[in-house]
Each structure stands twice: as structure tokens, then as C-alpha cells.
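In what follows, a single structure is set out as C-alpha cells and then discussed.
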């Protein structure tokens, strides 16, 4: 009887946020089997939120993620505000959007330059590129710093900003800060052009798998911090129906939950947002999409990185508009008394990696009784697994190392935020 | 040969690692004086031994205990960074519940597949040489500590409460605005960034060496906080030290 050599190799994925393994099971003459395993240490945030007072909830929720702390704060604040029936002012909404744009620019540029770029230049990290491709690295770091500076000037600091609170902001930027930001945003345009030009030249792996795309959508804007849920399979749903969409489930080899809706998996994130809301992108972003070859509906998951560049172009322009509007309106000191009472509130935002939901139930004294958080990367895990399976099947001739590298690049293209997804 | 530096992450949000990447220009200056040999969040390479191992995150699984011991064997110097690694941080809020209940709360009937233990700081598992506190760490402090180590000094550890820097920053005391604060007890070095940033001190850098807990408790209760509020305020980042807080409480009598 002939023996068949079977080899199982699980490698940790580097240059992503958090801990995940790519397990490849190869046996001679057979298509390799592939499995996406989440090994991240769970922190049990839903349990930790239980019993917390309303004014601390967003402070704790922020700690779910170091990269998208602003998104978690905003989803948390929106949930608390919905539970207490608080409507925030136009000024607060504009400042939140501005702070949010800062996070998205920083997060996207971190992914585009520090996490993904080394793959295309044949190195293991950005560090050697600081010598060989200095201009490129500096362009990326400048854009990333722009995002951080917006967060610092509007929110207090870049990670876990302190200024946002239930109902408004504890600290307001003055006119000088806004004028400075306006300049910085204008100065960023050549760097964005350079980014588009550089990525246009790269050979993004060609692979398509049609799937369901889900994102927030809003009639007035490219939805980021408000809207209702839209699925390319089933259309619009209101926020309180989110559980019917996300359907989280456990699997033994993942400390993070998986999710499914109309099919075996769905995708969230930049590519989903562009696939759903591309009509609301501004002209500069549409031009960037055109140059990068992003034509919605776009079903190549590797294009998510390009979609992030398109969104960054959109967001920089958007931030300039917000700053102009704030300058025109003038910044006003606001009072926002909060009256805690029993109730449930759901807050949803588009974190850089996709749809993020916080759902809290409060008791009469303003303490959380029950919390549920649905994280973007949770929703992508099943889609990553199905993409990996098809990617392996459609590349029968690739040698193992080469196949593994391609699989890693696929996982990376989703910009997974794994600690977040395990929370 | 340049010192070999590694960065590891355990149970955390990886925000402190991101702070290192946020150091930008100062980081690229440092790169001329050291080699980063392992940093999973930012690079594919790994290494066998390190002169300095920075550790982000708390220990909250059995597998993390052995991983930490392994790092200890390979590293000349181990430095926890951030509230999770230095104090256990927010992770310790789960320690109020039995661990099987913790697992069931998230995974239901699949709880048996997963592992969790009471969250603890790195120093509870392996000896450490120094620590850089904060949630997240302060970029300036990180760069300073690395420079001091590279030049052969014992790095300076702040031991003044946040209040000292808060006064220097010219802030109005938040107690005067009707907000409560842990600044009087909390280790400074953050330039009182949270109060300056329009909020209050949540105690993320841990306590100063000899905290005057009774005085803090007095002002919190005078500000109208109940016993439960006081503990909740304190344990957000310092739940690992919460037992100390409870013990001290009995010695104290509230005077109105």
C-alpha cells in the first residue's frame, strides 16, 4: 500500500493586529486544506462592561482596540446616548466626524504602508525600507502622522482620546487649531497623489470570489458614524435588527466568533463600503478609484487595500469641508446635562475595518446590565476562510511556500483587527 | 554590535505597540542605535535572543505563562509596557467572576475549548527589570527610557502623583468642576494628559509608591461618591490592587 505524506503546518501571521494562524494541511496529490485559526487571548469585554457606570463605558470600550479606539468610543457613546434619549449638537457631530476621519486616515495608512507594502517590495517589514525607499516610507509616515495629529488636536491624544464624552466634548479645538489642520490637510494632497501613483504600479493578485457585502448607508453622506445597515443581498435593515444580520457563532479553533447572514459568509470594511456607497464618494476619490481600477461592485478581496487608499482621499477632502464648516459656524462652548435612566441603546459606526455595533442595556441608576459588541473583523473571519479555500483551489500549481505567502497576503488585505475581534 | 530589541504582545489591545510605531522620526533615529529583531505586529522576522524584550499586554492564559518564561530565558532585560503589562489593567475586571463563568459568558456550551485564568501583570509571572506605565504609554517616555538604557543609565521612574504635573499644566482642578479624579494617587509622568485633554484621571499608570489612599477616599466620598462608586472608579485600571483598597477602607472614618 502506498503511503501518502501528510504535512500540517500552522504559521502565525505577522504584520496584522492580533494573533491568528494559517494552518495548511498538505498531502501528496491532493489540494491542500487551509484553515484560518484565531488564537488571540480573549479579554471578555462584554462581561467587564457589566456594572460600569455610563460615564466610564466609553473609556473602557475604547480599550477594546488600540488602532480603532475612536470607533469603539463613538459606538459606545452612541449606544449610551440612544439609551438615554440624548441628541448631540451639530457641532459635536462635526467634531466627532473630524476625529473619526483622523482615525481612519491613520489606520488606513498604517495598513497600506507599514503592514501591506513590505509584501510588494519583497521585505519582512518597513524598517529596511527606511534606507532603500526612504521617500516612499516618509510619504506614508507623513500621512499616518496627519491622522494622528488630527486625533491629538481634536481628541486629546492619538490612542484612546480623552476629549469625547457622553453628549459632547470635554475639550474644544480653537480657531487656530482648525486653521492649522486646514493647512495640513491641504498639504497632504501631493502625498495622496504619490500613494495612488505608487499602488497603481503594483501587481495586486488577481482573484475574485463573489460574496455578500454589508456596510452602513446614509442618504446624505458616505456613511461613517451614522446610518442604517445595508446588505448587497437583502437591502436595508434598521439598527435594532442587527442580530438578524450578524448571527455570530462559535467554532472550536477560534477564540473570536464568526458571523454569517444570507450566505455562508459576508464581508465588511473599505471594499464593502465602496461597493455599497460609491455614488457618494467625492470627485477626487472617484478619480483615485478610476486610476486604481476599483470599479464597484469589486469582488477581489486583495483590492481592499486599494479601497482604503480611495477612502483616504475621500476622507481628507471630507475633513477639509468639516474644518471649513466649523470655522464658518465658530466653535461654541456647550453644556450637555446627562440624565441616566433605564433603557437599551444601540450604537453603530463604520470602523476602519467595517461595521461596528455596541448594544447596551442600562438600569435605572445608569449602570450597564448587559452589553454586546459586534466587531468588524468577527464578521470578516468566515469570509476570509471561504476566500482562502477558493484561493488554494484556484492555485493548484503553486509551491507550498509561495501558496502560503499568497494566503498570508489575502488575510492581510482584510486588515484584520484580531484582538478587537476576540475582545 | 547594536542591542537587539524585541516587542511581544499578550492580552491587550496592542495600542502600546502602535504607540511605538507612532514615534515616527524619533523611532527612525533610534534605529541607528539598535536593531529591532522581533515585532510581530510590524515585521515578519523573528529571533532567538534579545537584549531588551518589551512586553505589551497582561497574562491571562496558561499558555502565556510558558511563553513569558521562554522570553525571560532569551532576554537580558524584560520591560513591560502599558497598563495591561504593568498592572493587569482593565483585563482584571473579569477577575471578579469565577473563570468558568467568564468563559461561559462568551462561549456558552463551547466554553470547554477555551482557556482563561485571572488576568495578572507580567511581574506576577516573571521578574522584570523596569516598567513603562500608561494606557497607552507616552511616546516621549518610551523614547527617553530607551535612550537611558542605551546609555547605560538606570531609567528614571516618576513617583510624583499626576496632580503635580496637572498644576504645572495650569489646569483647574476637576474636583472644583464637580468631577472626581484619581490624580492624587496616580503615578505621574503623563503630563496630566487626560485632565488637560478635557477629562479626568482614571489611574491608568497605577499608584505612586506610597499612596495616601485614605485622603483620596475622603475627597471622593465628600464629592458624593458611594462606596461602590469609589471601588468602581478605582478598579477600572487597578482591579489587581483592589484588595488593598478594601483593607484600607476599614481604618478610615468619614468626617463631614
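The values are calculated or read from the model by the stated rules, or taken from the named source; none is laboratory data. Note that this is a predicted model, so its numbers are computed, not measured. Reconstructed Cβ throughout: ideal geometry from the backbone, glycine too, with neighbour counts over all protein chains shown.
Quick look at the values:
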| quantity | calculated |
| --- | --- |
| Selected residue [in contact (Cβ under 8 Å) with a residue 24 or more places away in the chain, crowded, with 18+ Cβ neighbours inside 10 Å and in a strand (DSSP E or B)] from A:225, A:229, A:245 | A:229 |
| Considering residues of segment B:21-45 that are more than 7 Å from every other protein chain (Cβ to nearest Cβ) and in a strand (DSSP E or B) only, the residue farthest from residue A:67 (Cα to Cα) | B:35 |
| Sole exception among (1) touching a residue at least 12 places away in the same chain (Cβ under 8 Å); (2) in a helix (DSSP H, G or I); (3) within 14 Å of chain B (Cβ to nearest Cβ); (4) surrounded by fewer than 24 Cβ atoms within 10 Å (Cβ to Cβ) for residue A:97, by number | (3) |
| Evaluation of residue A:73 against (1) within 22 Å of residue B:233 (Cβ to Cβ); (2) out of contact with any strand residue (DSSP E or B) (no Cβ under 6 Å at 6 or more places or on another chain) (one fails), failing number | (2) |
| Which listed residue, of A:118, A:42, is surrounded by 19 or more Cβ atoms within 10 Å (Cβ to Cβ), within 9 Å of chain B (Cβ to nearest Cβ) and in a helix (DSSP H, G or I) | A:118 |
| Members of segment A:408-423 found to be more than 10 Å from chain B (Cβ to nearest Cβ) and either outside any helix (DSSP H, G or I) or modelled with pLDDT of 95 or more (or both), listed by number | A:409, A:410, A:411, A:412, A:413, A:414, A:415, A:416 |
| Boolean, residue B:73 is surrounded by fewer than 16 Cβ atoms within 10 Å (Cβ to Cβ) and in a helix (DSSP H, G or I) | yes |
| Residue list for segment B:134-163, filter: away from chain A (no Cβ under 14 Å) and either part of a helix (DSSP H, G or I) or closer than 16 Å to residue B:193 by Cβ (or both) | B:143, B:144, B:145, B:146, B:147, B:148, B:149, B:150, B:158, B:160, B:161, B:163 |
| Residues that are part of a loop (DSSP other than H, G, I, E, B) and in contact with a helix residue (DSSP H, G or I) (Cβ under 8 Å, 6 or more places away or on another chain), drawn from segment A:45-70 | A:51, A:52, A:63, A:64, A:65, A:66, A:67, A:68 |
| Qualifying residue in segment B:188-198 (condition: more than 14 Å from chain A (Cβ to nearest Cβ) and part of a loop (DSSP other than H, G, I, E, B)) | yes |
| Odd one out for residue A:55 among (1) in contact (Cβ under 8 Å) with a residue 60 or more places away in the chain; (2) more than 12 Å from chain B (Cβ to nearest Cβ); (3) surrounded by fewer than 21 Cβ atoms within 10 Å (Cβ to Cβ) | (2) |
| Which numbered condition residue B:149 fails, given (1) at positive phi; (2) touching a strand residue (DSSP E or B) at 6+ places or on another chain (Cβ under 8 Å) | (1) |
